[in-house]
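The values are calculated or read from the model by the stated rules, or taken from the named source; none is laboratory data. The structure presented is a predicted model; accordingly, all values stated were derived computationally and were not measured. Neighbour counts are summed over all protein chains in view; Cβ atoms, including those assigned to glycine, are modelled from backbone coordinates with ideal geometry.
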């Protein structure tokens with residue numbers, strides 16, 4: 001009930017962003033579950049190509065989108081860092097913001113490989129900085145026009 005009250009008290013613009021974020025996270029999560037990653041990349045590249053990007057950094061858009069994705073991801077089962085990262089890149093692209101998905105691996109405490117995805121914009125980590133991305137070796141870079 002508290003979540004519903006908090007939601008209703010938000011400005012309408014933020015309510016729509018949360019709804020959009022939730023729906024996008026669901027679509028991304030289902031896509032990652034049922035399709036090979038190559039197909040997911042292609043599918044979302046089609047969406048991203050239709051967006052207009054600017055070189056202007058708008059921190060308020062970045063903060064709003066990352067807040068909305070993080071908030072909505074609490075309601076989507078298994079909305080991992082990869083799921084959230086793809087959603088953030090797509091939403092920021094719609095707002096004209098340059099954003100790049102990075103995927104890296106590192107050795108965990110028991111010498112197993114640990115993977116992590118994060119989003120960078122203008123050289124800054126904007127999502128996924130709860131762990132230090134510099135500890136990860138970046139996998140083959142994703143082509144910029146894809147994600």
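Selection of first residues in the range 6-25 that are under 16 Å from residue 87 (Cα atoms) and of second residues that are in a loop (DSSP other than H, G, I, E, B) and at pLDDT 90 or above, restricted to Cβ pairs under 8 Å at least 6 apart or on distinct chains, gives the following pairs, ordered by first then second residue: 22/75; 22/76; 25/76; 25/79. Considering the range 36-104, the qualifying helices (runs of 4 or more DSSP H), each wholly inside and each with 2 or more residues that are crowded, with 20+ Cβ neighbours inside 10 Å and modelled with pLDDT of 85 or more, run over 59-73, 81-94. Just wondering, is there one or more residues in the range 115-126 that are part of a helix (DSSP H, G or I), touching a residue at least 60 places away in the same chain (Cβ under 8 Å) and out of contact with any strand residue (DSSP E or B) (no Cβ under 7 Å at 6 or more places or on another chain)? Within the range 115-126, not a single residue is part of a helix (DSSP H, G or I), touching a residue at least 60 places away in the same chain (Cβ under 8 Å) and out of contact with any strand residue (DSSP E or B) (no Cβ under 7 Å at 6 or more places or on another chain). Of the residues making up the range 118-132, one or more are at pLDDT 85 or above and exposed (fewer than 14 other Cβ atoms within 10 Å of the Cβ). Each residue in the range 7-16 was checked for being more than 23 Å from the chain's Cα centre (by Cα) and at pLDDT 70 or above, and 1 of them qualify.
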